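Below is one structure, written out as structure tokens; comments come after it.
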Amino acid sequence: QQPVQSPQAVILREGEDAVINCSSSKALYSVHWYRQKHGEAPVFLMILLKGGEQKGHEKISASFNEKKQQSSLYLTASQLSYSGTYFCGTEPTNAGKSTFGDGTTLTVKP
Amino acid sequence: KAGVTQTPRYLIKTRGQQVTLSCSPISGHRSVSWYQQTPGQGLQFLFEYFSETQRNKGNFPGRFSGRQFSNSRSEMNVSTLELGDSALYLCASSFVRDRSTGELFFGEGSRLTVL
């Protein structure tokens with residue numbers, strides 16, 4: 001079962017902040033985040049592992065609530081280059097299969 | 001180092017035909033996953049291969065199949081194509097840690113159009 005992302009779309013002005021949420025009904029081993037620009041492949045941003053380990057982009061942060069099986073991606077002081085569709089991928093504790101949410105489209109305007 | 005390479009990038013087929021897509025993972029990556037991406041459907045998991053074995057499978061009909069070779073390169077095949085199979089097919093490789101696939105590195109995809 002795929003994770004649920006919210007909101008579906010966000011429109012921001014440069015310099016504003018955004019939060020994208022991802023929740024799963026299953027116990028999770030990891031959550032990972034990707035950004036896809038139009039016509040391009042998804043690009044890895046961040047991975048959060050059960051137990052607290054994180055690895056990813058310097059200017060983007062995320063949290064992982066293991067008890068609630070929820071993750072949030074925090075985009076601060078947004079730039080025009082942040083525009084794109086953000087996907088969360090989740091991997092259940094029985095591992096091996098990453099399923100993705102439907103994505104959140106972020107548009108940053110000047 | 002070279003990224004994930006998918007071929008062909010674009011192809012057009014007609015209903016009833018079959019198609020084979022190829023994916024060369026990043027050197028050293030032993031896990032290859034395939035996804036179907038359509039507008040409004042996000043990324044739908046097809047299957048994952050690790051060391052030539054299919055480790056996981058999504059909810060797609062048997063017309064969708066795949067395999068992985070000893071050099072980790074992977075192919076996926078779709079037989080008896082339907083109009084609804086038109087999509088971007090993405091391949092992703094990863095360096096497997098424990099049993100987790102970890103972060104995925106995506107290729108640019110093969111865009112299939114079925115007429």
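Observations on the model:
Let's see how each residue does on (1) hydroxyl-bearing (Ser, Thr, Tyr); (2) in contact with a Leu (Cβ under 9 Å, 6 or more places away or on another chain):
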residue: A:26; (1), (2): no, no
residue: A:37; (1), (2): no, no
residue: A:78; (1), (2): yes, yes
residue: A:85; (1), (2): yes, yes
residue: A:102; (1), (2): no, yes
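- Every residue from region B:58-86 that is in a loop (DSSP other than H, G, I, E, B), over 19 Å from residue A:99 (Cα atoms) and of a type outside the set (Gly, Ala, Ser): B:63, B:69, B:71, B:73, B:80, B:81, B:82
- For region B:49-61, the set of residues classified as more than 9 Å from chain A (Cβ to nearest Cβ) and more than 24 Å from residue B:12 (Cβ to Cβ) consists of B:49, B:51, B:52, B:53, B:54, B:59, listed by residue number.
- Scanning region A:70-100 for residues that are crowded, with 16+ Cβ neighbours inside 10 Å, modelled with pLDDT under 90 and either outside any strand (DSSP E or B) or away from chain B (no Cβ under 14 Å) (or both) yields A:95, A:96, A:97, A:98.
- Filter pass, residue A:41 being closer than 20 Å to residue B:41 by Cβ, surrounded by 14 or more Cβ atoms within 10 Å (Cβ to Cβ) and free of Cβ contacts under 8 Å to residues at least 40 places away in the same chain: yes
- Residues of region B:87-98 satisfying the condition of being crowded, with 16+ Cβ neighbours inside 10 Å and either over 22 Å from residue A:99 (Cβ atoms) or within 12 Å of another protein chain (Cβ to nearest Cβ) (or both): B:88, B:89, B:90, B:91, B:92, B:93, B:94, B:96
- For residue A:8: the one exception among (1) surrounded by 15 or more Cβ atoms within 10 Å (Cβ to Cβ); (2) within 12 Å of chain B (Cβ to nearest Cβ): (1)
- Boolean, residue B:113 is more than 11 Å from every other protein chain (Cβ to nearest Cβ), farther than 23 Å from residue A:46 by Cα, of a type in the set (Ser, Thr, Tyr) and part of a strand (DSSP E or B): yes
- For region B:29-48, the count of residues that are at positive phi, away from chain A (no Cβ under 12 Å) and assigned to a loop (DSSP other than H, G, I, E, B) is zero.
- Selection count, region A:12-52, where residues are more than 16 Å from the chain's Cα centre (by Cα), more than 22 Å from residue B:36 (Cβ to Cβ) and either outside any loop (DSSP other than H, G, I, E, B) or of a type in the set (D, E, K, R) (or both): 4
- Filtering region B:26-64 to residues that are closer than 16 Å to residue B:105 by Cβ, over 11 Å from the mean Cα position of the chain (by Cα) and surrounded by 15 or more Cβ atoms within 10 Å (Cβ to Cβ) leaves B:26, B:29, B:30, B:31, B:43, B:50.
The values are calculated or read from the model by the stated rules, or taken from the named source; none is laboratory data. Just so you know, these numbers come straight off a predicted model, no measurement behind them. Virtual Cβ from ideal backbone geometry, glycine too; neighbours counted across all protein chains shown.
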